[in-house]
Each structure stands twice: as C-alpha cells, then as structure tokens.
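S.K.: One structure is given below, represented as structure tokens, and several questions about it will come after.
The values are calculated or read from the model by the stated rules, or taken from the named source; none is laboratory data. All figures in this text were calculated on a predicted structure; none of them were measured in a lab. So basically every Cβ, Gly included, is an ideal-geometry build from the backbone, and we count neighbours across all protein chains shown.
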Amino acid sequence: MRRSATVVLATVLLTSALVPTTLSSASPLDPAASVDPLIGSKGDGNTYPGATAPFGMLAWSPTSTRGDQTSTGAANGYQYDTTRLRGFSLTHVNGAGCNPGAAGDVPIMPFTGNVTSSPTADTKDAMYASDFSHADEKATPGRYRLGLANGVTTDFAATERTAAGRVEFPAGSPANLLFRTSNSLNGSEDAETHIDPARRQVTGSVLTGAFCGRRANGGVNNRKTYYRLYFTAQFDQPFTSTGTWRDSTLQPGGRDQTGGEGYATGKDRAGRGSGGWVGFAPGSRVAMRISISYVSLAGAERNLRAEQPPWSTVDSVAAAARREWNTRLGRVRIGGGTPAQRTVFYTALYHSLQQPNLVSDVDGHYLGMDREPHRLERGQDAQYSNFSGWDQYRAQIQLLALLEPRVAGNFAQSLFNYAKQNDGVWDRWVHVNGATHVMTGDPAAATLATFYAMGVRNFDYRGAFDSLYAQATVPRPEGLQDAGCPGQCVGQRPNLAQYLQSHYAANDVCHCWGGGAETLEDSIADFALGQWAAQLGRKKEAAELSARGEYWRNVFNPATGYPQARNLDGSWATPFDPASDRGFAQGSAAAYAWLVPQDVTGLADAMGGKETAAKRLDGFFHDAAGNWQLRGGGPLKYDPTNEPDIHAPWLYNELGRPWQTQETVRQIVDTVYTTGPSGLPGNDDLGTMSAWYVFGALGIYPRTPGSGEMLLSSPLFPHAEVRSGSGAVLTITGLGSGKYVRSAWRDGKPQRDWKAPASLTRYGGRLDFVLSPSPTEWASQPL
C-alpha cells in the first residue's frame, strides 16, 4: 500500500507540474475576456451590466422603464427583458433583492427631440425614453456600450469614482442630454441642477436614500434620507441650448433648478421632481467626463482631477479599467475547463469583487452614519460601504478575505467607524452611510470574527471586538420597538434582555422578524464572537459566547425534528408546518433546519444521528423518485436562490458522506449556474451567490463563521492558482475526469480529512486531488 500511495503521489505531483501549461487556455493574462456582465441580468439575479471598477463608487448603467418613471421593474434599474430605458445612472448595488433596491442616482438620458414639456410630466416614459436592442449592446468589465433606437450611440468606461464616455447623436435631429437629477430609483427628498455654459459643465446633487423603501412590511420605516450624492459633468462641446424643469413646469433657457420627488409610490410620486438639459449641435460627437462624491461638489471635482487627466478618453479609461479588473480577477488563475465554464467562473468572480463599494473621496473624506463629514482612521486606505450582512457573511466576505485581505481590513474598519458614529450600533445592512436594519441576526459579528480568523489584521480589531461584544450583551431601548418589523426591525439585538434570560428569542415578544430565525442567527454570531475572543486571549468572554453558540438547541423541537419558534412561556409557536416561514425570515423551517454550521455533529445528534440526518439531507436535495431538486422545488426542498440553506450541500462531509458533498456541489455547479442572462439562480445579494460558485468550482468552502477552516469537495478545473493580495499562493489541482475524490494530498502529504486548516488559505499551500468517476470512501472514516 505504501508503494501504491507513493506512485499516486508521484503521478499527482508530476501531472500538477505539467498542468500549468494549460493555463493559457483560460487566458490568465486577460481573464476579463471571459467575463459576461449580462449574466444574472434576467430573472431574479438583479445584476447590472454597466461600467464599474473593482469596489467602485461609480457604476454607469441603464435605468430601464416599463412605462412608469417611478418603477423600473428591476431591483437595480436594469432587467434584461425590458428593452426601453429612461437614462444611464451613476450608482448601482449588485444583486439586491428589494425592488427597487436603492441608488440608481442621476439618470442621464440622450434625447433626439425638442424638449417641449417637462420630462417629469411624462409619467409613462412615452416621450423622453428610448427603446434599444441587445444586438446594439456590449458589456465588458469596466466598459459599457449601447446604441439606442433614437439613433444615439453611447460608450462609457469607469474608474473608481468617475466615468469617461462618448455620446454620438445622429445628424438632422436635435441633440440633448437630460439630467433627471431627482429620479433616483426610490425617489428623493431634494435635488439641485446647475448648468454653466461658459465652463461646458453641469453640476448638482440629489438628497436621497430609502433602501428597500417600498417593502410592504417594513418599507415605510425606511422611506428616509441618509446621503447626498454630488456630481460634476464636463463636456468637450459647447451647449447650444439649456433648460430646467420642476414637476410639470418647464423653463427653457433655465440654468438652475431644485426639487425632489419624495419617497411615495405610484401616483403620489409620479410627476414630481426636477432636472435640467443641455443641447448640442445636431450630429455632435460629445465627450463627457463625470465624477461623483458623497461629501461635496468640491470632492467630486477633486475625484475627477485625480482619476482622469484632461487628456483622458473613453478608450484610455477603458484600458485602465480592464487592467485593474485583470489584476483583481487574476487573483485566481484557472487552467482547463470549457469556455462556458470559464465564463461562468470569471463572471462569478467579477460579481464577487464589485463590493464593498468605495464611499470616500481621494482626499480621505467620507460621509459618516451621523451624516457628518469624517476622515479615514490612521492606517486606513479607504472607507467602504454596501454591507448586505445577512447574505454576505456566509461566503462573500470569506472570498474577500482570501483574495483581498487589505480591502477586507479596510471594510472591517469602515463598519466599525459607522458603528461608532451610530451610538455603538452595527447595522445589519448598510447602504452608503445609512443604517437600513434589513434582515435579521447580527451579521457584523460573524463577518469581523471571520475576517480575524482568516488573518485580516489591518483594522482596530480589539476596539471592534469590544464594540460588538457590547452589542451582544447590553440591551438597548430600540430592541423593544416594532418599528420596521418584520424585515427592517430597528433593534440590532432585539429584546436582548429576554434573549439573555430565556436563551432564545421568544416569538411573541421578540420584536424581530421571527424568533426561530433570530435565535439561529444569533447563535452563529455568538459562536463566531467566541472564537474571536479565544484568539484574543479573552477567556471569560470566549466561554460565555461559546456557550451562547449552543442556544440553537432551544428552538429545536425534538417532537417535530425541526427548528421551531417558541413563545415567552416556553410553549412552541403553533400551528407548526415545516413548509411555513412562521418564526423565520425568508425561508421555511425546513430550510432553517440546517442552519447550525457551528455544530453539525450536535445538529445530527438532535435529529437522531448522522445516518438519519444524512437521509433527511438526501430528501432535501431530491424528490421521492430520487431526482435532483436543486432549483427551488418548494419550501421543503433546497433553495439555491436564498441564503439560509446555501451551505447545506457541504454538510454531508461532517455526516460521514463526503462523496455526497462532492456529488451535490458538482451538480449545482454544473446545472444551476450557467451562461446567459438567466445564469444566476437568484438575487446575487452583493456577490454572495457568485462567491458560492467560486468556492464550489475550486472545491473548497468556508466551514463556519468565526473560523478560517475550509471544507473540501472536488475541484471543477484541473488546475487553479489562488493568489492572495497578501502574497500567499494556494494551488489546487484535480487529476482525472470524475467528480468524486479518490485521494488527496496537502503540501505533499496525504489529506485524509474533509476539511483543511485556516493556515492553508492564510499562508498558502497546495491541494492535489485524484478524481474518480464513481463514489469512493475517501475521508468517510473518522480520523
């Protein structure tokens, strides 16, 4: 057996040494060529195809219309099936689930008619909008080109805070650009537009916010302002005409205007708002340079000077954007696979690295959560935001820590900065500088604990831990409020005093989305904080928090075999149906049954043992006939479109059936994620679903928040090199054509376990797999 193992190892190492020659087939020097930004733009993916830089503040992308200027029919302004638009907006959020979600600030519309009425009065977008064809659309990382049915062609490329572009108008028709300054996706409190013909410049701002402000449950609570976006746009051609509008009033020749739309919906908002337009000579080929800031107009102008020299062109900016994207995407170099597989992979990586998003200017100023200007902390490179915590803590933040640890540390410090400006409260879902309260649990605790476990150190980790520990242990008055519930409950640790006394969130008095979900989520957050405390040498806090990581047991009903919400008196919330979401958030009790990544063995024991749990997991992924159910087969089945159960395929490892993790993960990778606009299974949720795919294709996955350990599966590609921004290199190879692992080696030594230590991703190393077309017993026996 020793001789056989030696032969296998020699074969693996020899083959691995040769495999890198296949990297050329993946275009490692130009991975951006494999990216299709239109993936996820159809259905519920809610991605946008426009031009943006990695972690960029600005994103130039269309705002669609279905005949209602107050609704796009898509969460982020663009829906592939909607081929009519009312402008190109300057800000977007990737894959948010609310419809609309947020941003979409300052749509700019090329218009080839005479402006004879207020564009805001065109509430059905019948006149001041244009159709387009996807045949005239080309999206690549950092650049977006689109020809409109009105004869205009547009071509724009992005830096972090600016965009440069060309707008070509047809001969023989009026040539106007409409600045719909107040028309952010969710509306606005106020807006201002200023036109300066002498400087060939349009400037202005919009006062807005309202993330998820249209939710039927908690949306009214979030119809509020928290940021002002400033912009400056400069042109190379003189203005032949100017004008402004407010509500239904048109002012030809006007140069200054103000007025918002409010945050209401439908007829209460339609016809309100302000903006302005500039005209050019018919047939003009207009170059535009535009920049934004959340701090001031002067900040926007500084950003433009810093990121775009006066001689910049759309081509030079696009080339620089592609180089930057290739640097970031090049953190993972894959070899082998089909062109379609490489497209899906690099597009997923592209979507994963769109966030967090810059919110600080080039001079280090940013708008705080207290709506006051602030400067970066000592040692901080940038302030980031857009934290979809409940989604991202499961996969996206681990990928960020692995590939971009410096950005991860800056992001951690950014969230801490916001908490200090927010009376110590770490919000679950931060948009720009706004605390939106969306979702449930305490994802910031899970996120920062995971960053620390994965080696991220460039933030005030002791101060951040103390702050998060206080949030987890000191009740606050807003925790007793129902404002925003469900969905956007203002209490970050709702009714914490009751939770600490009962050891579960009582469903009838929890002031939360659902007591069952809140308990499971808080158990994960507390476990993660406990792991962090232990690494910091805080033994008392580690013991306390680790014990709280077991509170999930208090909402597991042995009589039903499912998690179930409980009332304050200890009774179970009834009637109970595992297909119901009673007591849970965006998922059924059946989906939440697996949400105990920190104690899979304990969960299995509660279910009756590992064999019983594994059989239940079989039923979660298959129908009664044994067919796969991986695309949302109902509330009792696996749902790849939402987060509560996305880790479930990896649980077979700890249940003693690693070959089923390999089988299930590969089935999802091969069939659920595809090319084309419908290629994402559901909301990308700021890169979460895309990060899941990246990990699944590599054959590794985060074991649990608060840990740097990785669960193992089988790699999709014969060769992958993961190069961290810290300099660590992780090489993963797969010899053979199967999807099952026959044997594995880590750094030249046999790998007999289904998990790898944090050191592998923190410091680098090598994983070599020998694959088999049929299931094997690898890693199925206890060590």
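S.K.: Contact list please: Cβ distance under 7 Å, first residue in the stretch 127-143 and free of Cβ contacts under 8 Å to residues at least 24 places away in the same chain, second residue in a strand (DSSP E or B), pairs at least six apart or on different chains.
M.R.: Listed by first residue and then by second, the contacts come to Asp136/Leu146; Asp136/Gly147; Lys138/Arg145.
S.K.: Look at the stretch 90-126 and say how many of its residues are in a loop (DSSP other than H, G, I, E, B) and either among the hydroxyl-bearing types (Ser, Thr, Tyr) or crowded, with 24+ Cβ neighbours inside 10 Å (or both).
M.R.: Total meeting the criteria: 21.
S.K.: Can you tell me which condition Arg289 does not meet? The list is (1) among the charged types (D, E, K, R); (2) in a helix (DSSP H, G or I); (3) farther than 28 Å from Thr123 by Cα, and all the others hold.
M.R.: Answer for Arg289: the failing condition is (2).
S.K.: Further question: Could you say which residue among Ala614, Ala585, Ala604 is touching an Asp or Glu at 6+ places or on another chain (Cβ under 9 Å), small (Gly, Ala, Ser) and outside any loop (DSSP other than H, G, I, E, B)?
M.R.: Ala604
S.K.: I'd like the full set of residues that are more than 14 Å from His503 (Cα to Cα) and aliphatic (A, V, I, L, M), limited to the stretch 526-563.
M.R.: Ala528, Leu529, Ala533, Ala534, Leu536, Ala542, Ala543, Ala559 - these are the residues of the stretch 526-563 that are more than 14 Å from His503 (Cα to Cα) and aliphatic (A, V, I, L, M).
S.K.: Follow-up question, since we're still on this one. Kindly indicate the residue of the stretch 55-75 that is part of a loop (DSSP other than H, G, I, E, B) and free of Cβ contacts under 8 Å to residues at least 60 places away in the same chain and also farthest from the chain's Cα centre (by Cα) among those meeting that condition.
M.R.: Taking the candidates together, the pick is Gly67.
S.K.: Can you tell me which residues in the stretch 617-628 are part of a loop (DSSP other than H, G, I, E, B) and either hydrophobic (A, V, I, L, M, F, W, C) or buried (at least 17 other Cβ atoms within 10 Å of the Cβ) (or both)?
M.R.: Residues satisfying the conditions are Ala624, Ala625.
S.K.: Another question about this same structure. Could you tell me whether any residue of the stretch 385-396 is of a type in the set (Lys, Arg) and under 21 Å from Gly441 (Cα atoms)?
M.R.: Checking the stretch 385-396: at least one residue is of a type in the set (Lys, Arg) and under 21 Å from Gly441 (Cα atoms).
S.K.: Can I ask one more? What pairs come out if I take residues in the stretch 487-511 that are outside any loop (DSSP other than H, G, I, E, B) and pair them with residues that are hydroxyl-bearing (Ser, Thr, Tyr) whose C-beta lies under 8 Å away, six or more apart or interchain?
M.R.: Cβ pairs passing all conditions: Leu496/Thr473; Tyr499/Thr519; Leu500/Thr473.
S.K.: Name every residue in the stretch 82-113 that is of a type in the set (D, E, K, R) and over 23 Å from Gly687 (Cβ atoms), in order of residue number.
M.R.: Residues satisfying the conditions are Arg84, Arg86.
S.K.: Let me ask something else. On the given criteria, is Val206 crowded, with 24+ Cβ neighbours inside 10 Å, hydrophobic (A, V, I, L, M, F, W, C), over 20 Å from Asp236 (Cβ atoms) and at pLDDT 95 or above?
M.R.: Yes.
S.K.: Working carefully through the options Val314, Val344, find the one that is on the phi < 0 side of the Ramachandran plot, outside the structural domain of Thr112 (by TED's automatic domain parsing) and either β-branched (Val, Ile, Thr) or modelled with pLDDT under 95 (or both).
M.R.: Val344
S.K.: Identify all residues within the stretch 325-368 that are touching a residue at least 60 places away in the same chain (Cβ under 8 Å), within 22 Å of Asn417 (Cα to Cα) and more than 20 Å from the chain's Cα centre (by Cα); write none if there are none.
M.R.: Residues satisfying the conditions are Asp361, Val362, Asp363, His365, Tyr366, Leu367, Gly368.
S.K.: Right, next: Being over 15 Å from Glu521 (Cβ atoms) and among the polar types (S, T, N, Q) is the filter here, so list the residues in the stretch 428-477 that pass it.
M.R.: Of everything in the stretch 428-477, those that are over 15 Å from Glu521 (Cβ atoms) and among the polar types (S, T, N, Q) turn out to be Asn433, Thr436, Asn458, Ser467, Thr473.
S.K.: So Tyr461 clears everything in (1) under 21 Å from the mean Cα position of the chain (by Cα); (2) under 27 Å from Lys540 (Cβ atoms) except one condition, right? Which one?
M.R.: For Tyr461, the failing item is (1).
S.K.: Residue by residue through the stretch 420-436, note down the ones that are under 14 Å from Val490 (Cα atoms) and aliphatic (A, V, I, L, M).
M.R.: Val425, Val430, Ala435
S.K.: Counting just the residues of the stretch 77-89 that are assigned to a loop (DSSP other than H, G, I, E, B) and touching a residue at least 60 places away in the same chain (Cβ under 8 Å), which one comes out surrounded by the most Cβ atoms within 10 Å (Cβ to Cβ)?
M.R.: Ranking the qualifying residues of the stretch 77-89, first place goes to Gly77.
S.K.: Would you check if there is a residue in the stretch 530-545 being closer than 19 Å to Trp650 by Cβ, part of a loop (DSSP other than H, G, I, E, B), touching a helix residue (DSSP H, G or I) at 6+ places or on another chain (Cβ under 8 Å) and touching a residue at least 24 places away in the same chain (Cβ under 8 Å)?
M.R.: Among the residues of the stretch 530-545, not one is closer than 19 Å to Trp650 by Cβ, part of a loop (DSSP other than H, G, I, E, B), touching a helix residue (DSSP H, G or I) at 6+ places or on another chain (Cβ under 8 Å) and touching a residue at least 24 places away in the same chain (Cβ under 8 Å), which makes the answer no.
S.K.: Moving on to the next point. Name every residue in the stretch 148-177 that is surrounded by 23 or more Cβ atoms within 10 Å (Cβ to Cβ), touching a helix residue (DSSP H, G or I) at 6+ places or on another chain (Cβ under 8 Å) and outside any loop (DSSP other than H, G, I, E, B), in order of residue number.
M.R.: Result: Phe156, Ala157, Ala158, Thr162, Ala163, Ala164, Gly165.
S.K.: Let me ask you something else. Residue under question is Ser724, and the condition is that it be surrounded by fewer than 24 Cβ atoms within 10 Å (Cβ to Cβ), more than 30 Å from Phe387 (Cβ to Cβ), in contact (Cβ under 8 Å) with a residue 60 or more places away in the chain and not charged (D, E, K, R); does it hold?
M.R.: No; evaluated as a whole, the condition is false for this residue.
S.K.: So, one more: I'd like to check something: does the stretch 607-616 contain any residue that is in contact with a Lys or Arg (Cβ under 6 Å, 6 or more places away or on another chain) and not assigned by TED's automatic domain parsing to the domain that holds Gly516?
M.R.: The answer is yes; a qualifying residue exists.
S.K.: Another one. Which count do you get for residues in the stretch 348-399 that are among the aliphatic types (A, V, I, L, M), touching a Ser or Thr at 6+ places or on another chain (Cβ under 7 Å) and in a loop (DSSP other than H, G, I, E, B)?
M.R.: 4
S.K.: Scanning the stretch 755-764 for residues that are surrounded by 18 or more Cβ atoms within 10 Å (Cβ to Cβ) and either free of Cβ contacts under 8 Å to residues at least 12 places away in the same chain or under 10 Å from Met710 (Cβ atoms) (or both), which turns out nearest to the chain's Cα centre (by Cα)?
M.R.: It comes out as Thr761.
S.K.: Quick one: which residue in Leu297, Leu304, Leu250 is out of contact with any Pro (no Cβ under 8 Å at 6 or more places or on another chain), surrounded by fewer than 20 Cβ atoms within 10 Å (Cβ to Cβ), within 27 Å of Phe169 (Cα to Cα) and not assigned by TED's automatic domain parsing to the domain that holds Tyr384?
M.R.: Leu250
S.K.: Also, I was wondering about something else. Given the criteria in contact with a Leu (Cβ under 8 Å, 6 or more places away or on another chain) and either modelled with pLDDT under 95 or more than 19 Å from Gly708 (Cβ to Cβ) (or both), does Gly736 qualify?
M.R.: yes
S.K.: To continue, here is another question. Among all residue pairs at least 6 apart or on different chains, which show Cβ distances below 8 Å where the first residue, located in the stretch 256-269, is in the same structural domain as Leu207 (by TED's automatic domain parsing) and within 17 Å of Thr123 (Cβ to Cβ) and the second is assigned to a strand (DSSP E or B) and among the charged types (D, E, K, R)?
M.R.: Gly259/Asp190; Gly259/Arg246; Gly260/Asp190
S.K.: Just the residues that are in a loop (DSSP other than H, G, I, E, B) and farther than 25 Å from Asn46 by Cβ, please, taken from the stretch 629-661.
M.R.: Residues satisfying the conditions are Leu636, Asn653, Glu654, Leu655, Gly656, Arg657.
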